[in-house]
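> The structure that follows is given in the form of structure tokens.
The values are calculated or read from the model by the stated rules, or taken from the named source; none is laboratory data. Note that the structure is a prediction, hence the values are computed from the model and not measured. Cβ sites come from the backbone with ideal geometry, for glycine too, and all protein chains shown count toward neighbours. For the accessible areas, the whole protein counts, side chains as well, though only heavy atoms, and no ligand, DNA or RNA atoms are used. Shrake-Rupley method; radii C 1.70, N 1.55, O 1.52, S 1.80 Å.
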Amino acid sequence: MQSSTVRTLLVRGMIAGVVAGLLAFALAYVVGEPSIDSSIALEESASAPAHEHGDAAAVPADEGEEEELVTRPVQSTFGLATGVLVYGVALGGIASLAFAVCLGRVGRLRPRATAALVAGAAFTTVYLVPFLKYPATPPAVGNPDTIGKRTTLFFLMIVLSVLVAVIAVIAGRRLAPTLGNWNATVAAGGGYVLVMAVACLLLPANSDAVKETFPAALLWEFRLASLGVQALLWTAFGLIFGALAERVLRPAATAAASSASEAVTAGSAARTG
């Protein structure tokens, strides 16, 4: 594939990431932010100041209060939109490069089907599998002092999942001539599942257990919203980028088909003459 085509696909991937990010932001704002607000309200009510329990004289009115650098309304609108859009653009660019590598190397799939395959694989390896080990938790759950450790473990799980997936794809391609495409795919997929299952058992668990007093329904609502936002982001990206990529690659395919047809016609005319 020519470098100009790869560059065009990269731009299309980033555009698809922006559009998918906007859709994901809308869903996150509608279904995710209410559960976050409820979690913050629970956290604030649990850490009520001492003067509410009869010690008003012991605690000055303004003591212990910190001015918010970014207000909650800004966090839930501009902050959320900025984060989701940057995330969408970055992953859209990376996924478009993965698409350029996979096109024509994972069977005779059309660009739309290849884009859908790449998006599905990215959602599974980058989010779903790490989510199963370290599920998302709302602000009221977990010790703020351990956020660095929890973030490190989550990203370690992402890196491990992606690396194992790449190894599985390479192994599947090498096994295909011997086992056939279907059997090689099943063997590679089974190997990925087995390795990640072992990794989930060996990696340390989240040390911040969910408090028994935290509403289970609210926790479940937050995690479903987080999972739904990611699923929408990658589904939208796969559909949008697939359509854009097919428009980019169709002229090249048409030109190649025309050249082949002209070569066949010229050869037939030469034999006839």
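> Please give the net charge around R12, taking every other residue with its beta carbon less than 15 angstrom from that of R12, where Lys and Arg add +1 and Asp and Glu add -1.
Once positives and negatives cancel, what remains is +3.
> Then there's this: Please arrange M157, M14 by accessible surface area, largest first, computed with a 1.4 Å probe and ligands excluded.
Result, largest first: M14, M157.
> Right, next: So if we plug the beta-carbon distance of T124 and R247 into 1/(1 + (r/R0)^6) with R0 = 35 Å, what FRET efficiency do we get, rounded to 0.05?
Using R0 = 35 Å, I get an efficiency of 0.85.
> Once R0 is set to 45 Å, what does the formula 1/(1 + (r/R0)^6) return for the Cβ-Cβ distance between A26 and T178, expressed as a FRET efficiency to the nearest 0.05?
Efficiency at R0 = 45 Å is approximately 0.40.
> Let me ask another. Tell me, what is the 1.4 Å probe accessible area of K149, in Å² to the nearest 10?
110
> Evaluate the distance, in nm, between pseudo-label points positioned 7 Å from the Cα of I167 and of R223 along their respective Cα→Cβ axes.
Taking the simple label geometry, I167 and R223 are separated by 2.8 nm.
> Also, quick follow-up: Residue separation times 0.36 nm, minus the C-alpha to C-alpha distance between T82 and L132: what's the value?
Gain on stretching T82 to L132: 15.4 nm.
> Which residues does the label zone of A205 cover in segment 110-140, counting backbone N under 11 Å from a point 7 Å along Cα→Cβ?
Zone members listed by number: none at all.
> Please name whichever of F123, L109, T137 sits farthest to the positive end of the charge dipole of segment 103-182, dipole taken about the Cα centre and charges placed at Cβ: Lys and Arg +1, Asp and Glu -1.
Value computed over the given set: L109.
> Here is a follow-up. Can you give the net charge of the other residues whose Cβ lies under 13 Å from the Cβ of P34, counting K and R as +1 and D and E as -1?
It works out to a net charge of -2.
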